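Only the coordinates and a few stated rules stand behind these numbers; no lab work does. Note that this is a predicted model, so its numbers are computed, not measured. In this analysis, Cβ positions are derived from the backbone assuming ideal geometry, glycine residues included, and neighbour counts consider all displayed protein chains.
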Amino acid sequence: MTAVEDFHTFYRTVKARSQEHHQAMEIALERGWWAIAGSVLRMELDSMIRVIYLLNNPDTRDRILASCVTGNGFKDERGRISDRRMIDIATHANSWVNAVYGFGNKFVHLTDAHNYADADPLQAYDRKDEVINYLNRYHIGKLPEPPLGPISTLPDIAAYAPLVLDKITSNLLGYIERLGEEVAPHNEGLV
């Protein structure tokens, strides 16, 4: 496949994944599956950090896209690209990425956060204040509840999950459109 074809495949994959995330979020919140909701946010953020990484690495972009769409993962000439490398780059453009990614990891991986019925993982998260500050800054007034504070719980912040998902998706779509303009600049259109 050509680089443009690889990009189109990647684009369709990212869009399909994002649509599933929105459907899964609705069901997760409806059923009170807080860990699933957190995992969905983390997966959507994973797509965004990968697109940001591609935007910031035009020299290796074609190889990474080819590796990704053929099922070999996000790899360049040095091997697998670590999430940490991608997060560091994404955090320059979006200061909230690191804190949200870290909290989301608690739900993607089997951790104490899955015991949320007995112990609130938000209270134990060392970056709790940062997460609360970001939620208040970006989403204040969008819900009828008062602003979040030090005693806010996981269910309190879960109410913000659809807003956070929409924010991540909006950023993701903007970045992938920009990537498409760089990869296929001659009006080759996104499929």
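Sparse packing (at most 13 other Cβ atoms within 10 Å of the Cβ) combined with a DSSP loop state is found for none of the GluC sites (Glu not before Pro) in region 1-32. Considering only N56, T153, A124, and ranking their Cα positions along the charge dipole of the chain that arises from unit charges at the beta-carbon of Lys, Arg, Asp and Glu, the one farthest toward the positive end is N56.
Over the chain, Cα pairs under 8 Å with separation of 6+ residues give a relative contact order of 30 percent. Put simply, when 45-54, 105-114 are sorted by average Cβ atoms within 10 angstrom per residue, most first, you get 45-54, 105-114.
Students often check this: by mean Cβ neighbours within 10 Å, which of 68-76, 132-140 ranks highest, and how do the rest follow?
Ranking, from highest mean packing down: 132-140, 68-76.
Over every Cα atom in the chain, the radius of gyration and the widest Cα-Cα span, Dmax, amount to 17.5, 56 Å. Each Lys and Arg adds +1 at its Cβ and each Asp and Glu adds -1 at its Cβ; summed about the Cα centre, region 70-152 shows a dipole of about 320 debye. Quick check: net charge around P155, other residues with Cβ under 15 Å of its Cβ, Lys/Arg +1 and Asp/Glu -1? Neighbourhood net charge equals -3.
Counted as membrane-span-like here are DSSP H helices of the chain whose alpha-carbon atoms extend 27 Å or more along the helix's own axis and whose Kyte-Doolittle mean is 0.5 or above; these are 34-56.
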